[in-house]
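Report on one structure; see the data block that follows.
The values are calculated or read from the model by the stated rules, or taken from the named source; none is laboratory data. From a predicted model like this one, the values you see are computed outputs, not experimental measurements. Ideal geometry is used to build each Cβ from the backbone, glycine not excepted, and the neighbour counts take in all protein chains shown.
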Amino acid sequence: MKIDLREFARSQPAPRSSSQPASSQPADIQADLCIIGAGIAGISIARSLLGSGLKVVLLESGGVDHEPAVQALTAGDSIGFDYYPLIDSRLRMFGGTTAIWGGRVAMLDDIDFHPRDWVPDSGWPFPIATLLPWYDRARQALDLSAASLDESLFEQLGLQAPAFDPEWLRVAFWQFDRMPHRYGLHRCADLIADPDTTIVLHATATHIQADPDGRRIHHVEVADVSGARATVQARRFVLAAGGIDNPRLLLASRDVVPTGLGNGHDLVGRYFMEHPHARGGRVRFKRPWSSLDTLMVRKALGGERFVPCFRPGEALQRRAGILNTSFALGVRQHPDQRMQLAVRLYQAAKHSLAPTRANRSLWQSLKRSLHFLQRHTDPLRPWLLDRLDRRGIYAVVRAEQAPNPASRVQLGSECDALGVPRADLDWQLSDLDKRSVRVLMEAFDRELRRLDLGHVELPEWLLDEGRPWRIDPLVSGHPIGGYHHIGTTRMASDAGKGVVDAEGRVFGLANLYVAGSSVFPTSGWANPTLTLLALSLRLAEHLSQALRDECRPIELDRQRVA
């Protein structure tokens, strides 16, 4: 069922005495499992438990659509490398930022899970094989085929695969979810109808209350900007509020553990990673038409869209000591040009209009029109623009960022309207991030020359040793990064290296888990959606079994008793 905290609070008895210890007060809502955050991770965990007989409460900070007063709770300061305004960096509404998600999905690579001695603090606590069955289920949840997203897809698309040396350069493909706002409340009738699932809207978690010994969570305090408040008690809790608000809430819940929950080793909030965007260089093809038709044009197969991108081969990564960075080819204005009027108007409208349902529908319509135009004019459009030099063919970089403990989310000095300290983001890039892009572009140039296809003109910023990164407003509609908040509650094999274990449980707390891309130890080349969905489905099975085991009566060994 679905309830709204604003209405629920009015129906409750008068507030209890504050002199009564919080851990002994009866909760307003009780459940087997409490999930904080109704984004793709939280919704997927709740959906996986349908029919299990377990009582699940799914808390959402916002409502069904964008609300300025609720969205204002996300505001904070960016005190490191330039980043998007934090108030615009994620959405507080049912479905979360998936409401404006572009649908791009891909798997991480095997090398992303291994410790790499040239990438400090790399390595997951399990190999990719552990996650492969869950990747399959994640694709099924998004109604995607199990197509091989490597060079073998070229043949299925009716194309000749480029003869790149796989030790130097690999081609991968993105798939795209075709259903806009798949995780909106209007698409979650199964959760609403389930008698064991309770969705609570306008329920912002403001405090996670630990027991006096700091080893278990007793309840979560929730509130709304209207003044409504309640407590939720459960046997287990999942924090699925995103890579900025997950560490923010753990750090702010410091009445029992002064440094914050799960922060015994000062790791909560550290290792913030993005997929920083950049212009990797201009590509000069000798035969642009045929090259563009193979290496850039969006292709369709069985009603699905596929877009190629490029990344370094594993041999090059190991030999040169670089990250698993990626890029795609796109027609872009030249870096010294003024942004075109139509683009300026579109960007102004996009960033000035609130992400309401009506405005999101408008945005989706524009995207569909653009995709239609590309399908029916490419490769003519990019070929002609490049030939006339009105625009150029450029490498649009979506880089892997190396784990960096100095790149972090921490608590600011100001509080939001509910009294929770706001987040400060200190985003820091490293020399390895930039060097990986340069080596990758040099490898692409080498392969183009070897195959007599053309060459790459590297930009000055990549060759400038004193410049850590360059944000280029003309290279992408999202010129800084992918709005991917990764790594701030990282997964590890022991508490000295991370915040959660291989199952997602917070070290030192028996019943608190974290879900989402904040648990990734490394960011890899691929955007995080498919991986965080796979991890969430895996966590849901673990929780189901653990909660059932807690309720199962202990069977005595009769022979030992006798």
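Here are the numbers for the structure shown:
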{"read-out": "Residue identified as under 31 Å from the mean Cα position of the chain (by Cα) and either hydrophobic (A, V, I, L, M, F, W, C) or within 16 Å of residue 285 (Cβ to Cβ) (or both) among 462, 451", "value": "462"}
{"read-out": "Which numbered condition residue 289 misses (of (1) in contact with a Pro (Cβ under 7 Å, 6 or more places away or on another chain); (2) modelled with pLDDT of 95 or more)", "value": "(2)"}
{"read-out": "Any hit, region 142-155, residues being among the hydroxyl-bearing types (Ser, Thr, Tyr), out of contact with any Cys (no Cβ under 6 Å at 6 or more places or on another chain) and without any contact (Cβ under 8 Å) to a residue 60 or more places away in the chain", "value": "yes"}
{"read-out": "Residues being over 27 Å from the mean Cα position of the chain (by Cα) and part of a strand (DSSP E or B) - total across region 282-315", "value": "4"}
{"read-out": "Which listed residue is part of a loop (DSSP other than H, G, I, E, B), polar (S, T, N, Q) and either touching a residue at least 12 places away in the same chain (Cβ under 8 Å) or in contact with a Gly (Cβ under 6 Å, 6 or more places away or on another chain) (or both), from 544, 523", "value": "523"}
{"read-out": "When residues of region 145-171 are limited to those that are among the hydrophobic types (A, V, I, L, M, F, W, C) and at pLDDT 95 or above, the one farthest from the chain's Cα centre (by Cα)", "value": "163"}
{"read-out": "Only listed residue being exposed (fewer than 13 other Cβ atoms within 10 Å of the Cβ), more than 30 Å from residue 65 (Cα to Cα) and modelled with pLDDT of 75 or more, chosen from 387, 332, 338", "value": "338"}
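Yes/no per residue for (1) in the same structural domain as residue 165 (by TED's automatic domain parsing); (2) in contact (Cβ under 8 Å) with a residue 40 or more places away in the chain; (3) at positive phi; (4) not in a loop (DSSP other than H, G, I, E, B):
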site	(1), (2), (3), (4)
417	no, yes, no, no
422	no, yes, no, yes
435	yes, yes, no, yes
443	yes, yes, no, yes
448	yes, yes, no, yes
456	yes, yes, no, yes
473	no, yes, no, no
478	no, yes, no, no
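Condition check ((1) at pLDDT 95 or above; (2) out of contact with any Gly (no Cβ under 9 Å at 6 or more places or on another chain)) across all residues:
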{"position": "403", "(1), (2)": "yes, no"}
{"position": "406", "(1), (2)": "yes, no"}
{"position": "415", "(1), (2)": "yes, yes"}
{"position": "421", "(1), (2)": "yes, no"}
{"position": "435", "(1), (2)": "yes, no"}
{"position": "443", "(1), (2)": "yes, no"}
{"position": "453", "(1), (2)": "yes, yes"}
{"position": "458", "(1), (2)": "yes, no"}
{"position": "464", "(1), (2)": "no, yes"}
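Rundown of residues vs (1) more than 21 Å from residue 413 (Cβ to Cβ); (2) without any contact (Cβ under 8 Å) to a residue 24 or more places away in the chain; (3) crowded, with 24+ Cβ neighbours inside 10 Å; (4) touching a strand residue (DSSP E or B) at 6+ places or on another chain (Cβ under 6 Å), yes/no style:
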residue: 218; (1), (2), (3), (4): yes, no, no, yes
residue: 226; (1), (2), (3), (4): yes, no, no, no
residue: 244; (1), (2), (3), (4): no, no, no, yes
residue: 256; (1), (2), (3), (4): yes, no, no, yes
residue: 259; (1), (2), (3), (4): no, yes, no, no
residue: 265; (1), (2), (3), (4): yes, no, no, no
